[in-house]
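The values are calculated or read from the model by the stated rules, or taken from the named source; none is laboratory data. Since we're looking at a predicted model, the values are computed, not measured. Backbone-built Cβ (ideal geometry, glycine too); neighbour counts: all protein chains shown.
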Amino acid sequence: AAAAAEGKPSFAFTEVEFGVDETHHVAAGYDADILIRWGDPVLADAPAFDPMKQSAAAQGKQFGYNNDFVGFAPLPLGSNTPDHGLLCVNHEYTDEEVMFPGLNGEQQKAKFAAMTKDLADIEIAAHGGSVIEIRKVAGKWTYDPKSSMNRRITGETECIITGPAAGHALMKTSYDPTGTKVRGMLNNCAGGMTPWGTWLSAEENFNGYFWHPDEKAKGDRYGVPGRWYNWGAYHDRFDVTKEPNEANRFGWIVEIDPYDPTSTPRKRTALGRFKHEACSVAITKDNSVVAYSGDDERFDYVYKFVSAKKYVAGDRAHNMTLLDEGTLYVGKFNTDGSLEWLPLVHGQGKLTAENGFRDQAELLIKARLAGDAVGATKMDRPEDIEVNPKTNAVYVMLTNNSRRKADQLDAANPRAENLWGQVVEMLPPDGDHTATKFTWNILVKGGNPQLAEVGAMFHADTSKNGWFSCPDNCAVDNQGRLWITTDQGEGWAKASGKADGVYAMETAGPLRGKSMMFYRVPVGAEMCGPCFAPDDQTLFVAVQHPATDGTDLYKPFGKLSTFEEPATRWPDFKPGMPPRPSVVAITKKGGGVIGS
Ligand code: FEO
Ligand code: CA
Ligand code: CA
Ligand code: CA
């Protein structure tokens, strides 16, 4: 950061050439090694992966599907060990058409017609998260498939509901008349690690799991029932006509202690219920804990939570209660560059029983409606948020919003039919994350800077490889450098015409807004992770859903992937072996800091 202020580049590497092909690519001089793949054993008694004979029992002991968030918990707890730790990985969702033989993924109806209870149960077991013990020996990472620290959390693992909404009438079901426990976590997208060594795993598009027998059933403010999966045809809890409250028990931040494989995950309701993309924690000078989280939906909001109690260094049991009590705020981004944090507190302003919020618990369960009531700024799909601990700047990835019309523009969301996204920087006064007034500005606007009609904004030195569209996840390394990953989805050809990847982003000094491509994914994949080891000598990334998004636009393949014929068989490239979402460990040949 000091170098950047003088105009020196923060990064030194040769960019990856943009493009799309069947494999992944990293900058010259680096190794990108597969650490673990979908189906690899996580628990000591896991059977070997056989995609033709998969079962829910096997999947529940093997690495799940669609690795997303990656967090590194050093071993031992409390240390800063760079070469031994627990890797915490979310498994966001499943792609039946490339997981199972014989399914046609092109149409929901055809897919559902071919689904069975056995396949649905495999999917449920492929969700959740994994913890694996990993170690770097002679410069190379391996995981220990026999470690007793390893853990699988699935869509069936019992979680505890804590905070203001625990026990509320809207949280009670026939399985759980107390409203305090729920089976599973679902659609865990990104997340965060806390300074006290826990893993925050963010439940995102939970609406898609809830089923209604009538395919025309209208969705609520959260899109429930979404009917993306037909689990409700086999399990009553996912059928909203049978268990209307079950959907209220998803859409939370889940706190997990990775150091205790027997610990129960806790859904922290004080942080509100929405499509949490991620959760990023800062500790302020007065030891308040502030947690930022975005709601990934077109026209939804950016939130922050401020703890009521203070962080106490060394008192882990106490710190593990901090996310249960505090104030949730929602962001209002004003044209003059000010950012107001509006408290979502029952009884204040419009947040009353007359307006549909009987108490604070109901307000938190319906956080989106509370955000509507107070007039928060409707954003272009808030994805990951990260705090830069060196500068206290907070980065918000706004991925895109194809539905924004020309008469719906505002300063923070300035483009209509925004296919490309933007990165917003939020600046707390004097680094005080608890403040209710910040300032904000735009760091970059995605898209091709050569096309005037796109209205992109990058530093002029950004190369043809370095600009991007659709920022999604991000990480700040231990030197305060920002790294951004992209997810263009099925629209990749229009958004940029190149595969997703990892970009190194200058944030300060004369080069602010310069971006460089460091890594790119195989066709149809999305770039998740990213996570640095404590010495910045390893970058872990998660390659999610290879061979799925927009493979019909990939020449000469020209069609949607199936299990039998995927656009790529990355990373194994073995006949009959489907593509496998995998975590990749990137290291510099001969050692050294990534990007230096
Ligand atoms: Fe799971 Fe918003 O990406
Ligand atoms: Ca994503
Ligand atoms: Ca992140
Ligand atoms: Ca995304």
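Kindly list the number of the only condition in (1) farther than 17 Å from residue 305 by Cα; (2) surrounded by 21 or more Cβ atoms within 10 Å (Cβ to Cβ); (3) not small (Gly, Ala, Ser) that fails for residue 417.
Of everything listed in (1) farther than 17 Å from residue 305 by Cα; (2) surrounded by 21 or more Cβ atoms within 10 Å (Cβ to Cβ); (3) not small (Gly, Ala, Ser), residue 417 misses just condition (2).
Just checking, does region 438-448 include any residue being within 16 Å of ligand 4 (Cβ to nearest atom) and either modelled with pLDDT under 95 or within 27 Å of residue 283 (Cα to Cα) (or both)?
Checked against the condition, which is being within 16 Å of ligand 4 (Cβ to nearest atom) and either modelled with pLDDT under 95 or within 27 Å of residue 283 (Cα to Cα) (or both), region 438-448 yields no hits at all.
Kindly provide the set of residues from region 200-249 that are under 18 Å from residue 279 (Cβ atoms) and surrounded by fewer than 24 Cβ atoms within 10 Å (Cβ to Cβ), ordered by number.
Result: 205, single match.
Which number in (1) crowded, with 22+ Cβ neighbours inside 10 Å; (2) within 16 Å of ligand 1 (Cβ to nearest atom); (3) not aromatic (Phe, Trp, Tyr) marks the one condition that residue 153 misses?
Condition not satisfied by residue 153: (2).
Examine region 195-217 for a residue that is part of a strand (DSSP E or B), farther than 28 Å from residue 304 by Cα, of a type outside the set (Lys, Arg) and under 24 Å from the mean Cα position of the chain (by Cα), and state whether such a residue exists. Can you show your working first?
If we filter region 195-217 for residues that are part of a strand (DSSP E or B), which is where we start, we get 199-203, 211.
Within this subset, residues satisfying the condition of being farther than 28 Å from residue 304 by Cα are 211.
Now narrow it down to the ones that are of a type outside the set (Lys, Arg): 211.
With the extra rule that they be under 24 Å from the mean Cα position of the chain (by Cα), the set shrinks to 211.
Yes - at least one qualifying residue is present in region 195-217.
Only one of 483, 440, 467 is aromatic (Phe, Trp, Tyr), assigned to a loop (DSSP other than H, G, I, E, B) and either in contact with a His (Cβ under 7 Å, 6 or more places away or on another chain) or more than 16 Å from ligand 1 (Cβ to nearest atom) (or both); which?
Numbers: 483 fails: assigned to a loop (DSSP other than H, G, I, E, B); 440 fails: assigned to a loop (DSSP other than H, G, I, E, B).
Step by step, each of 483, 440, 467 is checked, and only 467 is aromatic (Phe, Trp, Tyr), assigned to a loop (DSSP other than H, G, I, E, B) and either in contact with a His (Cβ under 7 Å, 6 or more places away or on another chain) or more than 16 Å from ligand 1 (Cβ to nearest atom) (or both).
Have a look at 178, 116, 157 and point out the one that is on the phi < 0 side of the Ramachandran plot, touching a Lys or Arg at 6+ places or on another chain (Cβ under 8 Å) and without any contact (Cβ under 8 Å) to a residue 12 or more places away in the chain.
On the way: 116 fails: touching a Lys or Arg at 6+ places or on another chain (Cβ under 8 Å); 157 fails: without any contact (Cβ under 8 Å) to a residue 12 or more places away in the chain.
Result: 178 is the single residue among 178, 116, 157 that is on the phi < 0 side of the Ramachandran plot, touching a Lys or Arg at 6+ places or on another chain (Cβ under 8 Å) and without any contact (Cβ under 8 Å) to a residue 12 or more places away in the chain.
The conditions are (1) more than 12 Å from ligand 1 (Cβ to nearest atom); (2) closer than 12 Å to residue 421 by Cα, and residue 374 fails exactly one of them. Which is it?
With (1) more than 12 Å from ligand 1 (Cβ to nearest atom); (2) closer than 12 Å to residue 421 by Cα applied to residue 374, the lone miss is (2).
Filter region 505-528 down to the residues that are over 22 Å from residue 382 (Cβ atoms) and within 16 Å of ligand 3 (Cβ to nearest atom), then identify the one that is surrounded by the most Cβ atoms within 10 Å (Cβ to Cβ).
Selected residue: 518.
Table: residues versus (1) away from ligand 2 (no atom under 16 Å from the Cβ); (2) small (Gly, Ala, Ser).
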{"site": "120", "(1), (2)": "yes, yes"}
{"site": "123", "(1), (2)": "yes, no"}
{"site": "134", "(1), (2)": "yes, no"}
{"site": "187", "(1), (2)": "no, no"}
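Among the residues of region 268-305, which ones are away from ligand 2 (no atom under 16 Å from the Cβ), under 26 Å from residue 409 (Cβ atoms) and either surrounded by 24 or more Cβ atoms within 10 Å (Cβ to Cβ) or β-branched (Val, Ile, Thr) (or both)?
292, 301, 302, 303, 304
Among (1) crowded, with 21+ Cβ neighbours inside 10 Å; (2) among the charged types (D, E, K, R); (3) without any contact (Cβ under 8 Å) to a residue 12 or more places away in the chain, where does residue 50 come up short?
Evaluating residue 50 over (1) crowded, with 21+ Cβ neighbours inside 10 Å; (2) among the charged types (D, E, K, R); (3) without any contact (Cβ under 8 Å) to a residue 12 or more places away in the chain leaves (1) as the failure.
Of all helices (runs of 4 or more DSSP H) completely enclosed by region 30-138, which ones contain at least 3 residues that are charged (D, E, K, R), modelled with pLDDT of 95 or more and more than 23 Å from residue 537 (Cβ to Cβ)? Working first, answer last.
Working: elements: 56-59, 96-99, 108-114, 117-126.
The helices (runs of 4 or more DSSP H) meeting that bar are 117-126.
Quick check on my filter: what residues within region 378-400 are of a type in the set (S, T, N, Q), more than 16 Å from ligand 3 (Cβ to nearest atom) and surrounded by 22 or more Cβ atoms within 10 Å (Cβ to Cβ)?
First pass over region 378-400, keeping only residues of a type in the set (S, T, N, Q): 388, 391-392, 399-400.
From what is left, the residues that are more than 16 Å from ligand 3 (Cβ to nearest atom) are 391-392, 400.
Result: 400, single match.
If you check every pair at least six apart or on different chains, which have Cβ atoms under 7 Å apart with a residue in region 59-71 that is over 19 Å from residue 199 (Cα atoms) first and a residue that is more than 11 Å from ligand 2 (Cβ to nearest atom) and β-branched (Val, Ile, Thr) second?
Partner pairs satisfying both residue conditions: 59/122; 60/154; 61/42; 62/42.
Can you confirm whether region 166-175 contains a residue that is in contact with a Ser or Thr (Cβ under 7 Å, 6 or more places away or on another chain), buried (at least 22 other Cβ atoms within 10 Å of the Cβ), of a type in the set (Gly, Ala, Ser) and modelled with pLDDT of 95 or more?
No, region 166-175 has no match at all.
Return yes when residue 547 is in contact with an Asp or Glu (Cβ under 9 Å, 6 or more places away or on another chain) and within 16 Å of ligand 3 (Cβ to nearest atom) and no when it is not.
On the way: in contact with an Asp or Glu (Cβ under 9 Å, 6 or more places away or on another chain): yes; within 16 Å of ligand 3 (Cβ to nearest atom): no.
No; evaluated as a whole, the condition is false for this residue.
Kindly provide the set of residues from region 69-91 that are within 16 Å of ligand 2 (Cβ to nearest atom) and in contact with a Phe, Trp or Tyr (Cβ under 8 Å, 6 or more places away or on another chain), ordered by number.
Of all residues in region 69-91, those within 16 Å of ligand 2 (Cβ to nearest atom) come to 69-71, 89-91.
Those that are within 16 Å of ligand 2 (Cβ to nearest atom) and in contact with a Phe, Trp or Tyr (Cβ under 8 Å, 6 or more places away or on another chain): 70, 71, 89, 90, 91.
Cβ-Cβ distance below 6 Å, separation of 6 or more or different chains: which pairs start in region 576-588 with a residue that is surrounded by fewer than 24 Cβ atoms within 10 Å (Cβ to Cβ) and end on one that is assigned to a loop (DSSP other than H, G, I, E, B) and aliphatic (A, V, I, L, M)?
Correct list of pairs: empty, since none qualify.
Go through region 272-287 residue by residue and tally those that are within 16 Å of ligand 3 (Cβ to nearest atom), hydrophobic (A, V, I, L, M, F, W, C) and either in a loop (DSSP other than H, G, I, E, B) or free of Cβ contacts under 8 Å to residues at least 60 places away in the same chain (or both).
Of the residues in that region, 2 qualify.
Being without any contact (Cβ under 8 Å) to a residue 40 or more places away in the chain and either touching a Gly at 6+ places or on another chain (Cβ under 8 Å) or of a type in the set (Val, Ile, Thr) (or both) is the filter here; which residues of region 489-539 pass it?
Scanning region 489-539 gives 502, 503.
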